[in-house]
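Below is one structure, written out as structure tokens; the observations come after it.
The values are calculated or read from the model by the stated rules, or taken from the named source; none is laboratory data. Note that this is a predicted model, so its numbers are computed, not measured. Glycine gets a Cβ as well: all are built from the backbone with ideal geometry, and neighbour counts include every protein chain shown.
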Amino acid sequence: MSRIIENIGHATIDISKSFFDTLSFAVKMTFKIFDKKSYNSATTSVLINQIYFTSVEILPLFIIVSVTLGTLIMGIVLQTIKNMGLDQYLGNILMGFAVTELSPFVTVLLLALRSGSAINTEIATMKVSKELDSLKSFHIDANIYLFLPRIINGMISLVLLSGLFSIVLLTSGFIFSKTIFGMGLNAYSNLLANSVHLSDMVILFVKCLTFGFFIILIPIRHGMGASYELTSIPISVLHGMIRVFSAIVMIEVLSLIAKFI
Amino acid sequence: MSSDTPLLSNLNVWENMALIKQYQQNFSKKDAKNLAIQYLRQLNLESIANTRNPDLKEEERFCGLLLRAAMVNDAVILIYKPFKLLPAMKDFTFIHNILINMDTLYTQCYIFDYTWNKNRYRMNDAEEYCV
């Protein structure tokens, strides 16, 4: 019995330590984001490359997923609204569900799977192959040169791709509104405009930035935690990705709480 | 420079060299690239400018590391166990020739190695330099 309690205690301490380490790293990187000295020609080059890899290269896949998933979901949702006679809530459902909840959630999942795991592996490999030591020997701060552009890119990409997903969803919404409810473009635009609340948009923007920040920061931290052995790379990616998905759920829950307060 | 300070594998040779100037002196990418190419030209190695670390031959990698170290302002280059980077080299001739060809790019150069390698440097008085 005492052994079980001891194990629970150890697990709690480990999780708390990991949580506070992540938070302190997050605070450190936030200060770097607002520090003018963090920006030089090298970080700008990395940022441009990262935006290309994360936001541009993913576009074909992202558009296919958003059109397929968006059309399917919007079709089902709008048909259900009609069947249940909830036509008067159409605008609120489109903005409240599709734009502020579904878009950032699908976007963050896609980016975490694609870029989060890639960055975790990249940083762990750089640690194992001593490339991070190489940077240190030239007084190049990895926080500034490697991590900062990736984190900023995560935030920018999430906001932009989430916006793109919303546009696809609203376009599908328009097509289905016309087919199911016989609604014209003007009526549809008015419906959406009347359903937009500034507070929701602020929460959506902050949520996207927070998602983008943490789905890159956590893999970086876990990549840095790899040892100098090759076998530590998959372990670091495994732990990193678990923490990323925990963070996504946590941020989603917090944003919902903020929305309903 | 040593085997513990490799070139970054996600950058090619000129990008590895240019990074030092871009980060430390905020050179624009274009200026840093021109300087890196100019340094490579000095050793007749422009052909490896766009090659990444895993695709380099041992000698090319060694030169890439040396030139990257020379990108630092008033460079003082310290080479630690050079024959670990060039295991097939029988003696110091190659390293010596490279250092002479690029002598305008650095201010001083020191080499640290084990005394049992003294024959490869053709030194009989290696003990005098033991640290």
Which listed residue is at pLDDT 95 or above, more than 19 Å from A:ILE58 (Cα to Cα) and of a type outside the set (Lys, Arg), from A:LEU191, A:LEU204, A:LEU217, A:LEU170: A:LEU217
Just one of (1) away from chain A (no Cβ under 14 Å); (2) more than 17 Å from A:SER129 (Cα to Cα) trips up B:LEU67, so point out which. (1)
Mind checking whether some residue in the range A:143-153 is surrounded by fewer than 21 Cβ atoms within 10 Å (Cβ to Cβ), more than 11 Å from chain B (Cβ to nearest Cβ) and farther than 24 Å from A:ILE203 by Cβ? yes
For the range A:161-206, which positions are surrounded by fewer than 16 Cβ atoms within 10 Å (Cβ to Cβ), aliphatic (A, V, I, L, M) and under 21 Å from the mean Cα position of the chain (by Cα)? A:ILE167, A:MET201, A:VAL202, A:VAL206
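To keep it simple, each residue is scored yes or no on (1) among the hydrophobic types (A, V, I, L, M, F, W, C); (2) in a helix (DSSP H, G or I); (3) modelled with pLDDT under 90.
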position: A:VAL27; (1), (2), (3): yes, yes, no
position: A:ALA42; (1), (2), (3): yes, yes, no
position: A:TYR52; (1), (2), (3): no, yes, no
position: A:ILE64; (1), (2), (3): yes, yes, no
position: A:LEU94; (1), (2), (3): yes, yes, yes
position: A:PHE97; (1), (2), (3): yes, yes, yes
position: A:LEU113; (1), (2), (3): yes, yes, no
position: A:THR125; (1), (2), (3): no, yes, no
Taking the range A:27-50 and keeping residues crowded, with 17+ Cβ neighbours inside 10 Å and either free of Cβ contacts under 8 Å to residues at least 40 places away in the same chain or within 21 Å of the chain's Cα centre (by Cα) (or both) leaves A:MET29, A:LYS32, A:TYR39, A:SER41, A:SER45, A:VAL46, A:LEU47, A:GLN50
Residues to consider are A:SER134, A:SER103; find the one that is part of a helix (DSSP H, G or I), surrounded by 21 or more Cβ atoms within 10 Å (Cβ to Cβ) and facing another protein chain (nearest Cβ under 10 Å). A:SER134
Within the range B:1-17, considering residues that are closer than 20 Å to B:LEU99 by Cα and part of a helix (DSSP H, G or I), the one nearest to the other protein chains (Cβ to nearest Cβ): B:ASN16
How many residues does the range A:99-111 hold that are modelled with pLDDT under 90 and of a type in the set (Ser, Thr, Tyr)? 1
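Residues B:LYS21, B:LYS33: which one is out of contact with any strand residue (DSSP E or B) (no Cβ under 9 Å at 6 or more places or on another chain) and without any contact (Cβ under 8 Å) to a residue 40 or more places away in the chain? Before the answer, list the steps.
Working: B:LYS21 fails: without any contact (Cβ under 8 Å) to a residue 40 or more places away in the chain.
Testing whether each residue is out of contact with any strand residue (DSSP E or B) (no Cβ under 9 Å at 6 or more places or on another chain) and without any contact (Cβ under 8 Å) to a residue 40 or more places away in the chain leaves just B:LYS33.
When the range A:7-60 is examined, which residues are found to be of a type in the set (Val, Ile, Thr) and within 14 Å of chain B (Cβ to nearest Cβ)?
Answer for the range A:7-60, where residues must be of a type in the set (Val, Ile, Thr) and within 14 Å of chain B (Cβ to nearest Cβ): A:THR43, A:THR44, A:VAL46, A:ILE48.
Among the candidates B:TYR23, B:TYR80, single out the residue that is within 14 Å of chain A (Cβ to nearest Cβ) and either out of contact with any helix residue (DSSP H, G or I) (no Cβ under 7 Å at 6 or more places or on another chain) or under 18 Å from A:SER129 (Cα atoms) (or both). Reasoning before the result, please.
Values: B:TYR23 fails: either out of contact with any helix residue (DSSP H, G or I) (no Cβ under 7 Å at 6 or more places or on another chain) or under 18 Å from A:SER129 (Cα atoms) (or both).
Of B:TYR23, B:TYR80, the one residue that is within 14 Å of chain A (Cβ to nearest Cβ) and either out of contact with any helix residue (DSSP H, G or I) (no Cβ under 7 Å at 6 or more places or on another chain) or under 18 Å from A:SER129 (Cα atoms) (or both) is B:TYR80.
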Taking the range A:109-149 as the region of interest, how many residues are touching a helix residue (DSSP H, G or I) at 6+ places or on another chain (Cβ under 7 Å) and small (Gly, Ala, Ser)? 6
Residue check for B:ALA88: part of a loop (DSSP other than H, G, I, E, B), more than 10 Å from chain A (Cβ to nearest Cβ) and either over 12 Å from the mean Cα position of the chain (by Cα) or of a type in the set (A, V, I, L, M, F, W, C) (or both): yes
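Out of the residues in the range B:26-38 meeting the condition of being crowded, with 20+ Cβ neighbours inside 10 Å and part of a helix (DSSP H, G or I), tell me which one is farthest from the other protein chains (Cβ to nearest Cβ). Explain how you work it out, then say what you get.
From the range B:26-38, those crowded, with 20+ Cβ neighbours inside 10 Å are B:27, B:32, B:36; that's our starting set.
Filter again for part of a helix (DSSP H, G or I), leaving B:32, B:36.
Working: B:ALA32: 7, B:ALA36: 13 Å.
Applying the filter and picking the extreme gives B:ALA36.
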